[in-house]
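J.: Take a look at the following structure, please.
The values are calculated or read from the model by the stated rules, or taken from the named source; none is laboratory data. Since the model is a prediction, treat every value here as computed from it, not as a measurement. Virtual Cβ from ideal backbone geometry, glycine too; neighbours counted across all protein chains shown. These area figures cover heavy atoms from the full protein model, side chains too; ligands, DNA and RNA do not enter into them. Shrake-Rupley method; radii C 1.70, N 1.55, O 1.52, S 1.80 Å.
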Amino acid sequence: MTRFIDILTSQKATDRPAFWFMRQAGRYLPEYLEVRASCDGFLNLCYTPDKATEVTLQPIRRFDMDAAIIFSDILVIPHAMGMDVSFVKGEGPKLTPLTSQQDIEKLHTDETAICTHLQPVYNALRQTRTALPQDKALIGFAGAPWTLACYMLQGRGGNEFITAREYLYQNPQQASALIDRITDAVIIHLRAQIDAGADALQLFDSWAGLTPAPYLQACVIDPAIRIVAALRESHPQIPVIAFPRGIGAALGEYARQVKPAGISIDTNTPLATAAKAVEGLCAIQGNLDPLLLAADGDKAAAYVKEQMQMMKGVPYIVNLGHGIVPHTPIEHVERVCETIKSFQ
Ligand code: CP3
C-alpha cells in the first residue's frame with residue numbers, strides 16, 4: 001500500500017501528507033523536452049508507450065513524488081470517439097467542432113472502438129506500473145464530460161468557451177445527449193485504465209467553473225455521480241479524485257452528491273474553506289498556486305508548510321491548484337518537495 005492510496009482509502013491522515021503535482025511531466029523538464037523533440041507531434045508521444053512511460057517516470061526520478069500520473073491527455077477521448085484532434089505549436093489543441101445533432105450521433109461510444117483506439121495508453125500504464133516502485137501509486141485520468149464537451153463544441157482551447165456555452169443554451173437537449181455519450185466513453189476509458197494497472201483515478205473538470213448555474217447539476221454533478229458510482233461498482237477498491245475546478249460555493253454540494261474518495265481544490269478556494277465544506281466526506285488535495293511555484297520557491301515552500309500544519313489530522317494530499325507552468329524553475333519544485341518530505 002502506498003501513502004497516497006492509504007490517505008484516499010482510509011480517509012485518515014498519515015505521518016506526512018502524500019504529494020504529486022498536476023502536469024508534473026512536461027515542458028519545465030529538459031528531459032521531457034528531449035523526448036518531445038523526438039516525436040512527430042504531441043499525440044504521437046501520448047500513443048507511443050515506451051516514450052509515454054519514460055516521461056511519466058521522469059518527475060518521479062527527479063523529485064520522488066508519491067504518485068505518478070500516466071502521460072496522456074484529456075483530449076484522447078474525443079479523438080477515440082472519432083473527432084479530429086491536433087495540437088498546434090503555440091496554439092494549443094484544435095478539434096473540428098461539433099455543430100449539429102448528426103455530429104453528436106456519429107460519435108463512437110462502443111467499448112471496442114474506444115479501447116482499440118486507446119490501447120497504446122493502456123500499454124503505457126502496464127509498462128509504467130511494472131517499472132514503478134511498489135511504494136508509488138499510478139494515477140489514471142480522464143477529462144470530465146462537461147470539460148470535454150467544451151473543447152468538442154468550441155473546437156479549440158482558451159478560457160471562455162463562448163460557442164460551447166451558447167450551444168448549451170440554444171440546444172440543451174442535444175448538449176445533454178452529448179454529455180451522456182461522453183460519460184459512457186469516460187467510464188469505458190477509466191475502467192480500462194484500472195485493468196491496465198492504474199491504482200487511482202482523477203477526473204479533471206477544468207472548466208466546471210464556466211457552467212451556467214442552472215446547468216451545474218445536469219452538466220457537472222450528475223455525470224460525475226454516474227462515473228464515480230459506475231467505478232465503485234466495478235472496481236470498489238480504486239479511489240477516484242474529482243477536480244471540479246472553479247466550482248466555488250457548490251464544492252460541498254458536489255462532494256455530498258458525487259462521493260469521490262478525494263477532491264482536488266483550485267487556487268481560488270482557501271484550503272480551510274474547502275476543508276470545512278467537505279469535512280468527513282472525502283480526502284482533500286491541493287492547492288498551491290502554480291504561479292507562486294514559478295515565481296518564488298521560498299514563498300511556495302512556506303505556503304505548503306503552513307497548509308500542512310493547518311491540515312494536520314485531515315486526510316490531505318499536497319498538490320497544485322492547477323497544472324504546473326512551463327517556465328517553472330526546477331529548483332523551486334525541488335525546494336517544495338524537500339519541504340514536504342521533511343515535514344513532521
Ligand atoms: O503530468 C501530467 O499531469 C500528465 C499529463 C497531462 C497532460 N495533460 C499533458 C500535456 C494531463 C493530466 C493533462 C490534462 C489536461 N489536458 C487537462 C486538464 C488539466 C488542466 O490543465 O486543466 C486539459 C484541459 C488538457 C488539454 C490540453 N492539453 C491543453 C489545453 C493543452 C495545451 C496547453 C499547453 O499547456 O500547451 C494540452 C497539451 C499538453 N498536455 C501538454 C502536456 C505536457 C503540452 C504539450 C507539449 O508538450 O507540446
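J.: Helix 222-234: angle to the longest alpha-carbon principal axis of the chain, degrees 0 to 90, nearest 10?
T.: Helix 222-234 and the main axis of the chain meet at about 70 degrees.
J.: If one takes the longest principal axis of the Cα atoms in the chain, at what angle in degrees, from 0 to 90 and to the nearest 10, does the Cα axis of helix 49-63 lie?
T.: Approximately 30 degrees, to the nearest 10.
J.: Something else about it: Just to compare against my own numbers: the Cα pair-distance distribution for the stretch 184-231, 5 Å bins, whole % per bin, please.
T.: 5, 19, 27, 22, 15, 8, 4, 1
J.: Counting pairs of alpha carbon atoms under 8 Å apart in space and at least six apart in sequence, what relative contact order in percent does the stretch 266-344 give?
T.: On the way: 91 pairs, mean separation 31.3, N = 79.
RCO, the stretch 266-344: 40 percent.
J.: Could I get the Rg over Rh figure for the chain? Both from C-alpha atoms, Rh via Kirkwood, rounded to two places. List each step's numbers first, then the result.
T.: On the way: Rg = 18.8 Å, Rh = 20.1 Å.
For the chain, the value is 0.94.
J.: Continuing with the same structure: Can you give me the relative contact order of the stretch 3-341 as a percent, contacts being Cα pairs under 8 Å and 6 or more apart?
T.: Details: 632 pairs, mean separation 71.3, N = 339.
With pairs under 8 Å counted, the relative contact order is 21 percent.
J.: How much of the accessible area of the stretch 3-341, in percent, comes from carbon and sulfur atoms when a 1.4 Å probe is used?
T.: After summing per-atom areas, the C and S share lands at 50 percent.
J.: Moving on. To the nearest 10 degrees, how steeply does helix 297-310 sit against the main Cα axis of the chain, on a 0 to 90 scale?
T.: Orientation of helix 297-310: about 90 degrees from the principal axis.
J.: Between rounded, prolate and oblate, where does the stretch 117-242 land on the alpha carbon gyration tensor, with a ≥ b ≥ c its root eigenvalues, rounded for a/c under 1.5, else prolate if a/b exceeds b/c?
T.: prolate
J.: While we're on this one: Which value, in debye to the nearest 20, gives the size of the charge dipole of the chain about its Cα centre, when Lys and Arg are +1 and Asp and Glu are -1 at the Cβ? All intermediate terms of the calculation are to be shown ahead of the outcome.
T.: On the way: 30 positive and 36 negative charges, 89 e Å.
Computed about the Cα centre, the dipole is about 420 debye.
J.: Distance from a point 7 Å along Cα→Cβ of residue 11 to each backbone N in the stretch 307-328: keep the residues under 13 Å and list them by number.
T.: 315
J.: If one computes the Cα centroid of the stretch 272-339 and of the stretch 156-208, what distance in Å separates the two points?
T.: Centre-to-centre distance over Cα atoms comes out at 26 Å.
J.: So, one more: Probe of 1.4 angstrom, ligands and nucleic acids ignored: what's the accessible area per residue over the chain, in square angstrom? The partial results should precede the final answer.
T.: Working: 14030 Å² over 344 residues.
In whole numbers, the chain has 41 Å² accessible per residue.
J.: Further question: So for each of 198-210, 229-241, 115-127 I average, over its residues, the number of other beta carbons within 10 Å; can you give me the resulting order with the highest mean first?
T.: Top to bottom by mean Cβ count within 10 Å: 198-210, 115-127, 229-241.
J.: Sticking with this structure for a sec: Residues with beta-carbon under 9 Å from that of residue 64, excluding residue 64: net charge, scoring Lys, Arg +1 and Asp, Glu -1?
T.: In short, +3.
J.: Here's a follow-up. Which of the lysines could a cross-linker span from residue 106 if the Cα-Cα distance has to be under 30 Å and same-chain partners fewer than 8 positions apart are dropped?
T.: 89, 94
J.: How are the Cα pair distances of the stretch 1-138 distributed, in percent, across 10 Å bins from 0?
T.: Taking every Cα pair in the stretch 1-138, the percentages come to 11, 34, 31, 19, 5, 0.
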